[in-house]
Amino acid sequence: MNNGTVEKAAIVTGAARGIGRAVALRLARSGYAIAIVDLLEQEAEETARDIRELGVEAMVVVADVSSVSAAKRGVADVRARFGRVDVLVNNAGRTMAKGILEITEEEWDATIDVNLKSFFAWCKAAAPVMLEQGGGRIVNISSLNAITGGVTRAVSKFAYSAAKAGVLGMTKSLAKELGPTIAVNAVLPGIIRTDINAAQVAQREAEFVDSILMRRLGSADDIASIVYYLAAEQHMFMTGQHLVVDGGQWIT
């Protein structure tokens, strides 16, 4: 137990695997104590173990990310353990492949809950701590689909796009509301290869690569590097912005 002795601490939601795990490890390598928020307890503990092997403090918060009360308890636990919250990375998400003619109300609600409401929940819980301590950074993981709407063959269709577009609106509004104390920015990943989607991406990899100017798929580490940039205190002059990380697939 550290009980409030760390110099800087970050919360990363959905950090048990994929992009969230890569973000957690990247921040840990830069000295951040990490709170891993996820329902996948075993995988979250594995990520925490890997972080501790770097000589950095880590804790696991097992929670439904869309629950406001769970977020409040989670942030309180992080503050009790680390003494502070310097960075919040809202990364947790879920796909939704159904279109308007097939999707049910329950599926719509679940998509919005994880991809948008959870961002509200953790921002609401973490912002008071950041304001009280005099500063902080929030990085929201949106999606390229937020500005393109995806395509008809996309893994996630309109419900996901709607939620991720909401994240952009939230990012801009919170930047205005919480500045100058807290910087709030968003990252919009393009096609990113992770363990979660590897099989699906492999089926269309040649097609995807041909549409990307950098001639490769993105990696979780590509996103982690941008999140680290936005999390760094020296870049606090950037707020209310979104960075597209898609290898040049959609240049407008």
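The values are calculated or read from the model by the stated rules, or taken from the named source; none is laboratory data. These numbers come from a predicted model, not from an experiment. Here Cβ is always computed from backbone atoms with ideal geometry, including for glycine, and neighbour counts include all displayed protein chains.
Scan (1) surrounded by fewer than 22 Cβ atoms within 10 Å (Cβ to Cβ); (2) hydrophobic (A, V, I, L, M, F, W, C); (3) touching a residue at least 12 places away in the same chain (Cβ under 8 Å) for the single condition Leu101 breaks and write down its number.
All conditions are met except number (3).
In the stretch 125-142, which residues are of a type in the set (Val, Ile, Thr) and either within 17 Å of Gly240 (Cα to Cα) or not in a helix (DSSP H, G or I) (or both)? Full working, then the answer.
Kept after step one, since they are of a type in the set (Val, Ile, Thr), are these residues of the stretch 125-142: 129, 138-139, 141.
Within the stretch 125-142, Ile138, Val139, Ile141 meet the criteria.
What about Ala126, is it within 23 Å of His235 (Cβ to Cβ), crowded, with 21+ Cβ neighbours inside 10 Å and of a type in the set (A, V, I, L, M, F, W, C)?
Details: within 23 Å of His235 (Cβ to Cβ): yes; crowded, with 21+ Cβ neighbours inside 10 Å: yes; of a type in the set (A, V, I, L, M, F, W, C): yes.
Yes, satisfied.
For residues that are under 23 Å from Ala15 (Cα atoms) and part of a loop (DSSP other than H, G, I, E, B), tally how many sit in the stretch 242-252. Reasoning before the result, please.
Taking the stretch 242-252 first, the residues under 23 Å from Ala15 (Cα atoms) are 242-246.
Checking which are part of a loop (DSSP other than H, G, I, E, B) leaves us with 246.
Number satisfying all stated conditions: 1.
Please go through the stretch 237-252 and give me each residue that is modelled with pLDDT of 85 or more and either surrounded by 12 or more Cβ atoms within 10 Å (Cβ to Cβ) or in contact with a Pro (Cβ under 9 Å, 6 or more places away or on another chain) (or both), ordered by number.
Met238, Thr239, Gly240, Gln241, His242, Leu243, Val244, Val245, Asp246, Gly247, Gly248, Gln249 - these are the residues of the stretch 237-252 that are modelled with pLDDT of 85 or more and either surrounded by 12 or more Cβ atoms within 10 Å (Cβ to Cβ) or in contact with a Pro (Cβ under 9 Å, 6 or more places away or on another chain) (or both).
Within the stretch 104-124, count every residue that is part of a helix (DSSP H, G or I) and closer than 16 Å to Lys157 by Cα.
In the first step, residues of the stretch 104-124 are kept if they are part of a helix (DSSP H, G or I); the result is 105-124.
Now restrict to residues that are closer than 16 Å to Lys157 by Cα: 105-116.
Total satisfying the criteria: 12.
Can you tell me which condition Leu54 does not meet? The list is (1) within 19 Å of Val184 (Cβ to Cβ); (2) over 17 Å from the mean Cα position of the chain (by Cα), and all the others hold.
Among (1) within 19 Å of Val184 (Cβ to Cβ); (2) over 17 Å from the mean Cα position of the chain (by Cα), the lone unmet condition for Leu54 is (1).
Looking only at residues that are of a type in the set (Val, Ile, Thr), within 19 Å of Tyr160 (Cβ to Cβ) and in a strand (DSSP E or B) in the stretch 180-233, which one is farthest from the chain's Cα centre (by Cα)? Even if it seems obvious, please write down each step before you answer.
In the first step, residues of the stretch 180-233 are kept if they are of a type in the set (Val, Ile, Thr); the result is 181-182, 184, 187, 191-192, 194, 196, 201, 209, 212, 223, 226-227.
Subsequent filtering for residues that are within 19 Å of Tyr160 (Cβ to Cβ) retains 187, 191-192, 194, 196, 201, 223.
Keeping just the survivors that are in a strand (DSSP E or B) gives 187, 192.
On the way: Val187: 8, Ile192: 14 Å.
The qualifying residue farthest from the chain's Cα centre (by Cα) is Ile192.
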